[in-house]
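Q: Take a look at this one; I'll ask things after.
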Amino acid sequence: MSGSPEVSRALVLERFGELPRLVTRPVPDRPPGHTLVRVRAAQVGHLDLNVVDGEFGVLPDLPAVPGTEAAGVVVASDVHPEGTAVRIRGGGAGLSRDGGWAEHAVVRDTAVVPVPPGTDPALACCFFSPAGTAQAAVHTVAAIRPGERVAVTGAAGAVGALTVQLAARAGAEVIGVVGRPAKLASVPPPAKPVLASELTEDTAGGPLDAVIDTVGGAVLATALGLVRGRGRAALVGYTAGRELRLDLADFLLADVSLLPVNLMTRGAEVAADADRLLAELNAGELTLPIERYPFDRLDEAAGRLRGGEAVGKVALEID
Ligand SMILES: NC(=O)c1ccc[n+]([C@@H]2O[C@H](COP(=O)([O-])OP(=O)(O)OC[C@H]3O[C@@H](n4cnc5c(N)ncnc54)[C@H](OP(=O)(O)O)[C@@H]3O)[C@@H](O)[C@H]2O)c1
């Protein structure tokens with residue numbers, strides 16, 4: 001670690017329910033089997049805020065550094081060459097042990113994955129979940145075919161925006177559904193943007209062959225009612241509500257398959273596709289919206305995410 005600073009900044013969570021505090025601390029020690037990363041960007045995600053609020057099934061002992069996904073450069077490791085551009089995900093980082101909301105993060109070697117040199121760190125720490133989930137939703141679970149009419153809810157969100165683009169590439173006519181007027185302009189082309197409160201068979205252009213729902217709650221109930229018999233509804237997220245009331249007689253009559261998309265069970269099978277999608281994101285052939293905030297503006301970043309105002313992913317950039 002010669003030439004490395006001895007102190008380093010980190011966002012330290014001292015009490016669940018309060019935002020972490022930016023503190024200066026020694027650069028953490030690296031035990032065997034671990035890699036020290038100089039973090040350049042860290043995602044602020046719904047999962048991270050659940051941890052901060054003490055409302056996730058796996059929680060760290062406090063004080064702790066949250067941050068389940070980050071990206072940066074290897075400083076010291078037994079397996080990853082120094083200077084390698086990497087992303088951090090898994091191995092308990094940001095959950096059961098310190099994560100990536102820090103200038104220097106020590107994580108398990110297995111939680112460190114190389115990314116192509118020159119990759120934008122904010123993109124590197126944000127792409128995997130939306131890319132993998134969109135890939136699984138469009139190609140594996142909903143199995144979108146050319147010529148189908150597909151509604152994507154939360155279409156200005158991270159998963160939604162990529163799902164729109166992949167469904168359109170698969171040859172579908174895509175309706176991009178958003179919850180608030182300010183987001184209509186953020187629905188990626190070529191989808192037709194529609195406000196959730198105005199979603200009908202008319203505004204959708206006819207019955208849907210499939211819906212890919214990243215929002216849940218009332219939006220899913222509305223969209224389900226527009227899917228044709230033998231159509232599919234793929235459920236990705238439930239930020240807007242985790243309950244769906246089903247009349248079983250109507251459900252049988254409608255004959256629409258309701259299918260869960262779970263990246264945790266499909267991560268390995270979409271990993272290669274996600275890396276291919278990263279290359280396309282890097283090349284500008286696909287877009288993933290990311291809101292960027294300085295390291296000392298976690299309050300603003302978290303507020304935008306909690307309020308549902310953020311467009312796409314939210315990342316802290318750590319100079
Ligand atoms: N199943 C899986 O394996 C998997 C994988 C990745 C992500 N997810 C989940 O999928 C969902 C979408 O992920 P994402 O990364 O695309 O999130 P995101 O970028 O934050 O998008 C979520 C969308 O939900 C809508 N929304 C409705 N009510 C909201 C509220 N109260 N607070 C915040 N947003 C609200 C917003 O769209 P409007 O304003 O247009 O309504 C927002 O754009 C999340 O729930 C996430 O946890 C699931």
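The values are calculated or read from the model by the stated rules, or taken from the named source; none is laboratory data. Everything numeric in this text was worked out from a predicted model, so none of it was measured. FYI the Cβ positions are ideal-geometry reconstructions off the backbone, even for glycines, and counts take in every protein chain you see. The accessibility values were calculated without ligands, DNA or RNA, using every heavy atom of the protein model including side chains. Shrake-Rupley method; radii C 1.70, N 1.55, O 1.52, S 1.80 Å.
Q: Which value, to two decimals, describes the C-alpha radius of gyration of the chain once divided by 2.2 N^0.38 Å? Intermediate values should be presented prior to the final figure.
A: Working: Rg = 20.4 Å, N = 319, 2.2 N^0.38 = 19.7 Å.
In units of the globular-protein estimate, the chain measures up at 1.03.
Q: For the range 1-65, what is the charge dipole size about the Cα centre, in debye to the nearest 20, if Lys and Arg each add +1 at the Cβ and Asp and Glu each add -1 at the Cβ?
A: Working: 7 positive and 8 negative charges, 74 e Å.
My answer is approximately 360 debye.
Q: Exactly which trypsin sites (Lys or Arg not before Pro) in the range 174-261 are in a DSSP loop and have at most 14 other Cβ atoms within 10 Å?
A: On the way: sites: K183, R228, R230, R232, R242, R245; in loops: R242, R245.
Here the sparse-neighbourhood loop sites are R242, R245.
Q: Please report, for the Cα atoms of the range 128-264, the Rg to one decimal and the Dmax as a whole number; what are they, in angstrom?
A: 13.2, 39
Q: Using the heavy atoms of the protein chains alone and a 1.4 angstrom probe, what is the accessible area of the range 117-180 per residue in square angstrom? Let's see the in-between values first.
A: On the way: 1610 Å² over 64 residues.
With the other protein chains kept in place, the range 117-180 gives 25 Å² per residue.
Q: To continue, here is another question. Over the chain, what is the mean sequence separation of C-alpha contacts under 8 Å (at least six apart), divided by residue count, expressed as relative contact order in percent? Spell out each step's value before the answer.
A: Working: 750 pairs, mean separation 52.0, N = 319.
Relative contact order here is 16 percent.
Q: Next up: Which whole-number percent gives the relative contact order of the range 60-209, counting Cα pairs below 8 Å spaced six or more residues apart? Intermediate results must be reported in sequence, preceding the final value.
A: Working: 282 pairs, mean separation 24.3, N = 150.
Relative contact order comes out at 16 percent.
Q: Ordering R89, R145 from largest to smallest accessible area (1.4 angstrom probe), what's the sequence? The partial results should precede the final answer.
A: Details: R89 90, R145 125 Å².
Reading off the accessible areas and sorting them downward yields R145, R89.
Q: Sticking with this one: Which of Y238, A137, F251 sits farthest toward the positive end of the charge dipole of the range 128-264, with +1 on the Cβ of Lys and Arg and -1 on the Cβ of Asp and Glu?
A: Positive-end residue among those listed: A137.
Q: Still on this model: Take the range 68-126, compute every pairwise Cα distance, and split them into 10 Å bins from 0; I just need the percent in each bin.
A: 26, 60, 14, 0
Q: Here's something else I'd like to know. Which one of A268, A301, A218 has the biggest mean-square fluctuation once the chain is modelled by GNM with Cα springs under 10 Å?
A: Residue with maximal mean-square fluctuation among A268, A301, A218: A268.
Q: For E55 and D296, what is the calculated FRET efficiency with R₀ set at 25 Å and r taken between the beta-carbons, to the nearest 0.05? Can you show the working numbers first?
A: Working: r = 25 Å, r/R0 = 0.99.
After rounding to 0.05, the efficiency reads 0.50.
Q: Under the 0.36 nm per residue contour assumption, what length would be gained going from the current alpha-carbon distance of E82 and T200 to full extension?
A: My answer for the length gained is 37.0 nm.
Q: Quick one: with all protein chains in place, what share of the accessible area of the chain is carbon or sulfur, to the nearest percent (1.4 Å probe)? The partial results should precede the final answer.
A: Values: 7480 of 14280 Å².
Result for the chain: 52 percent of the exposed heavy-atom area is carbon or sulfur.
Q: Largest first, please: the extent of the C-alpha atoms of the range 1-123 along each principal axis, to the nearest Å.
A: Answer, in whole Å and largest first: 37, 27, 25 Å.
Q: Note down the magnitude of the dipole of the chain about its Cα centre, charges +1 on Lys and Arg C-beta and -1 on Asp and Glu C-beta and zero elsewhere, to the nearest 20 debye.
A: Numbers: 29 positive and 38 negative charges, 48 e Å.
Its charge dipole is roughly 240 debye.
Q: Moving to a separate point now. Tell me the volume per residue, in Å³, of the convex hull enclosing the alpha carbons of the range 191-313.
A: On the way: hull volume 19.2 nm³, N = 123.
Dividing the Cα hull volume of the range 191-313 by its residues yields 156 Å³.
Q: Only helical DSSP H runs with n ≥ 4 go in: add -39500 (n - 2.57) per run for the chain, normalise by residue count and round the 222 nm mean residue ellipticity to 500 deg cm²/dmol.
A: On the way: 9 runs with 81 residues, N = 319.
Value at 222 nm, helices only, nearest 500: -7000 deg cm²/dmol.
Q: Out of every Cα pair in the range 72-188, what percent are spaced more than 21 Å from each other? Working shown, then result.
A: Working: 3445 of 6786 pairs.
Across the range 72-188, Cα pairs with separations above 21 Å total 51 percent.
Q: Also, I was wondering about something else. Expressed in nm to one decimal, what extension gain is obtained for the pair E269 and L47 from 0.36 nm per residue of sequence separation less their Cα-Cα distance? Walk me through the numbers on the way to the answer.
A: Numbers: separation 222, 0.36 × 222 = 79.92 nm, distance 2.21 nm.
Contour length minus the Cα-Cα distance gives 77.7 nm.
Q: Only Cα pairs within less than 10 Å get springs; with that Gaussian network setup on the chain, which residue of V79, V27, V174 has the largest fluctuation?
A: Of the options given, V79 has the highest mean-square fluctuation.
Q: Counting DSSP beta bridges with both partners in the chain, what percentage is antiparallel, nearest 5?
A: Details: 30 of 57 bridges.
So the antiparallel bridges in the chain amount to around 55 percent.
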